[in-house]
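Okay, structure first, notes after.
The values are calculated or read from the model by the stated rules, or taken from the named source; none is laboratory data. Source: prediction; values computed, not measured. Reconstructed Cβ throughout: ideal geometry from the backbone, glycine too, with neighbour counts over all protein chains shown.
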Amino acid sequence: MNSKNINEHIKDCTERMFEQLLELIVTQCKRVKWDTQTRREYLLETYGKRSLQVLSLPELIEFLGYLESLPTPLSSLNLSHLSKNIKISVGKKKSDSIPF
């Protein structure tokens, strides 16, 4: 490979990495229920930038790590299968309730 081919290869790899990071970030934003406005405010406060497209690769990686560290909101979890097994006792002594 000559230097031109190497540079093209590096550019292609960098672009693919950038696209993959953007996809992962969008997925994580959906998971934590961040809308565009919330994401924009965080980017402005943290990086002084309004858009993912202007973040550097290290900034994108850092932002993805931050999003991955956030807990999934309870409203996003599918807990319907648990409700069938939970019985709530009202007006009974604690010893009469069914543990869950």
TODO: Report the residue count in the stretch 51-60 for those that are in a loop (DSSP other than H, G, I, E, B) and over 20 Å from VAL32 (Cα atoms).
DONE: 2
Task: Selection from the stretch 26-40 of residues that are surrounded by 13 or more Cβ atoms within 10 Å (Cβ to Cβ) and more than 12 Å from the chain's Cα centre (by Cα) - done: ARG40
- [ ] Report yes if some residue within the stretch 7-28 is within 22 Å of LEU74 (Cβ to Cβ), not in a helix (DSSP H, G or I) and not charged (D, E, K, R); otherwise report no.
- [x] no
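A quick yes/no check of all residues on (1) outside any helix (DSSP H, G or I); (2) touching a helix residue (DSSP H, G or I) at 6+ places or on another chain (Cβ under 9 Å); (3) at pLDDT below 95; (4) at negative phi:
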site: LEU44; (1), (2), (3), (4): no, no, no, yes
site: LYS49; (1), (2), (3), (4): yes, yes, no, yes
site: GLU62; (1), (2), (3), (4): no, yes, no, yes
site: GLY65; (1), (2), (3), (4): no, no, no, yes
site: GLU68; (1), (2), (3), (4): no, yes, no, yes
site: PRO71; (1), (2), (3), (4): yes, no, no, yes
site: SER75; (1), (2), (3), (4): no, no, yes, yes
site: HIS81; (1), (2), (3), (4): no, no, yes, yes
site: ASN85; (1), (2), (3), (4): yes, no, yes, yes
